[in-house]
Structures are given as structure tokens and as C-alpha cells.
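One structure below.
The values are calculated or read from the model by the stated rules, or taken from the named source; none is laboratory data. Just so we're clear, the structure is a prediction, and the values are computed from it rather than from any experiment. Counting neighbours? That spans all protein chains shown, and the Cβs are built from the backbone with ideal geometry, glycine included.
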Amino acid sequence: MFAFSRNARKCAAGLAALAFSIVVFSTSSAQDKKVGAALKGEASLTVNAGKAETSQFRRYLTINGTVNAWQDVVISPEVGGYRVEEVLVDVGDVVIAGQPLVKLSTALLQTDLASKDAALKQNEALAINADQALVRGKALNEKELLSNADLDRLTSDAMSARSRRDAAKADLDASRMRMQFATVKAPDAGVITSRLVSVGQLAQVGGEMLRMLRKGRVEWRGEIPETSMPSMKVGQSVIITSVDGSEHTGKIRVLSPTVNPNTHNGMVYVDIPADTALLPGMFARGRIEYKQNEALLIPLSSLVSSDGYNYVFVVQSDHKVVRQLIKTGVLQGNSIEVIEGLKPGANIVTNGAGFLKDGDEVNVVATKAETH
């Protein structure tokens, strides 16, 4: 009885151990399946994808240039040797045509004017006397009381007196003009950009006193490659970006008729609006739209660069990706032009391409390739 109980207990213990082993084995197999499934899920990367499509592509030429005065007018006196008595403007002043800018001392000019006026009066009197003497001489000559030689002398004297009178009048006119020139005036409307004159200095003919931005107009100038010159036209719109990042719209005013033989560039002159962000001498960048055509565009986010080459990942029907070598063109916003290597309609990875390698399986969650 005791022996039987002892054997029974051994059998029960063996059966319990066997059952535990079966449970443990079953649990391990289930966990292995779950881990395998989890690992398989991790290998499938979630990406965005979309079809590469053609659209209108605007081609721009972007060049650097500077803002310049439309016309930079140098203001100088037309008479010299007189001291500056008064300067009526300063840098930044807006002036109109004919406005007095600088006044010179007129003391010497007034004295000279009075002298020339007196000389004219004296010569006018002499010319009157000579004319009257000639009239009397002609009357006497008709009565044969005056020889022809004396009449010729009276005629010559009258002509000389009239000539001296005319010369004195011209001298007086010149003196009056110098008096007018003693006030230096604005040749046109504009803005004073430079002042080199001071009260008390001696004015010199042709010496720069002031500099003026005529009519307040400015323009942007840039150099265009000779290959692009035929695409440019007068009146064409240009976007000028100033140093503060603001954009201003201008129009091509003039295209240079020649090309620099050293740089093979031509000059373009663009009218731009007056703005404090566009002052003469400032650097600015110009963007000129010169062509529109159909092009295959893809988002920049879909581009992968490696070893100097550009690639995209094309999603196949089995959700695996193939790395495709492409040749790219120019940028437009957040998109880039594809010249070779990709066909329109190809389903490409647009986001997450940087984490992929050839042959990877992906989980696509978006199907629209957005290009801007």
C-alpha cells in the first residue's frame, strides 16, 4: 500500500512536469511569432509618395547689381573769383528747377556793372554825334562844299562809333549775366546728395559745389551674360531684392547695345521705384523672368544626393523602392526641375527618402507630390 502510493506520487509529479514543459514551449512559440511579426513591421518604413507631374515652369535669370542714380548732376558755378556768401541747401533737401542754391558775393560784380553801364552811355553819345556829323557832311557834299574824302572819313567815324557802342552794350549784357550767375540755381528738380561748398570759400568756374539726384529717380544696373541678352526686352518686369530682403518691381529701361569683350556680359538698366531700401550705391539682386515652358518638377524633399549624384526613390507596385539616378535643372521655390532619368507619372517618395536604401519595403501614407 505504501509502495503503491509512493509510485503514484512519482507518476503525478512527472505528469505535472510534462504539462509545465508543454505550456512553457507553447508560450515561447507564441512570443517568438509576435517578435517576428514585430520585426517584420519595423522593416516597413512609413513614407509619403506622389506622382511626378509636368507643370508650367518659369525660368529666371538671377544676377547681382547695384542701385545707381538715374542721372547724377554736378552743380558748379559759371563765374569764378568771387566768395561764397550763402549756401541755401544741404544734403537731403528736395529742390525744384530754378531754385537758388548758392549765392556768391556781388560787390565786385555790381561795381563792374556800373562801370559797363557808364561806358555804354558814353559810347552811345559818341555814336549819336558821329551819326549827326555824317548827316551834315552828306548835306554839304551835295552842295559840293565838302570833299568826298572828308565824307568818307565822317562815314568811317560814324561806323566806328556805332561799333564801340555795340561792344559796350555787349559788355554790359555780359556783366548783367555774371550778376545773374552769382546765384547758383538748380538746373532741374531733384534731391541734393552731396555738398562740397562752404561759406567764405572762393568759387572756381566748374568746381563742384553740390551734387543732385535728378528728379529723385534711381535705377538698378546689372550685367547679363551674352547668351541671355537675346531673351531680354525693354519693358520686361524685374524683381529687385534689396539688402533688407524686401522685393521691388521694376522694368527694363535700356539694354546696352554692346557686350564687354572681356567679360562677355551686357549691361541692363532697370527703372525702380524710389524707396529708402533702394539708395544709390546699395547692392541688390535682380531676378528676371525670361521664359515659361512645361517641365517635370519634383519636391526638393524627394531628392537624395550621394557622391555628387542626385537620386529619387521610385515606389514599385510591390511597395518596394528602387533608387533612380536623375539629372536635375534649376530650382523654382520648393521644387526642382528634372531633365533626365525620370518619366512623368512615376510614383516617387516625397518625404523620408533619406532613410531608404534600394529594395526597401515602404508603407505609403500619402499619394500627392506637392510642388510649389
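Quick notes on this one:
- Checking every residue in the range 112-132 against the condition of being among the β-branched types (Val, Ile, Thr) and under 30 Å from residue 81 (Cβ atoms) gives zero matches.
- Taking first residues from the range 60-73 that are more than 28 Å from residue 195 (Cβ to Cβ) and partners that are assigned to a strand (DSSP E or B), the Cβ contacts under 6 Å between residues at least 6 apart in sequence or on separate chains come to 60/287; 60/289; 61/288; 61/290; 62/287; 63/222; 63/286; 64/285.
- Against the numbered list (1) in contact (Cβ under 8 Å) with a residue 40 or more places away in the chain; (2) part of a loop (DSSP other than H, G, I, E, B); (3) β-branched (Val, Ile, Thr), residue 238 comes up short only at (2).
Results for (1) part of a loop (DSSP other than H, G, I, E, B); (2) of a type in the set (A, V, I, L, M, F, W, C), shown as yes or no for each residue.
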residue: 260; (1), (2): yes, no
residue: 267; (1), (2): no, yes
residue: 296; (1), (2): no, yes
residue: 301; (1), (2): no, no
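- Yes/no for residue 154 being of a type in the set (A, V, I, L, M, F, W, C), surrounded by 13 or more Cβ atoms within 10 Å (Cβ to Cβ) and either modelled with pLDDT of 95 or more or farther than 23 Å from residue 180 by Cβ (or both): yes
- Criterion (buried (at least 17 other Cβ atoms within 10 Å of the Cβ) and either touching a Phe, Trp or Tyr at 6+ places or on another chain (Cβ under 7 Å) or not in a strand (DSSP E or B) (or both)) met by exactly one of 127, 114, 133: 127
- Hey, residue 317 loosely packed, with under 15 Cβ neighbours inside 10 Å, assigned by TED's automatic domain parsing to the domain that holds residue 340 and closer than 30 Å to residue 361 by Cα or not: yes
- Among the residues of the range 305-325, the ones that are free of Cβ contacts under 8 Å to residues at least 60 places away in the same chain and more than 17 Å from residue 343 (Cα to Cα) come to 7 in all.
- Filtered residue count, the range 253-282, keeping only those that are of a type in the set (S, T, N, Q) and either crowded, with 16+ Cβ neighbours inside 10 Å or touching a helix residue (DSSP H, G or I) at 6+ places or on another chain (Cβ under 8 Å) (or both): 1
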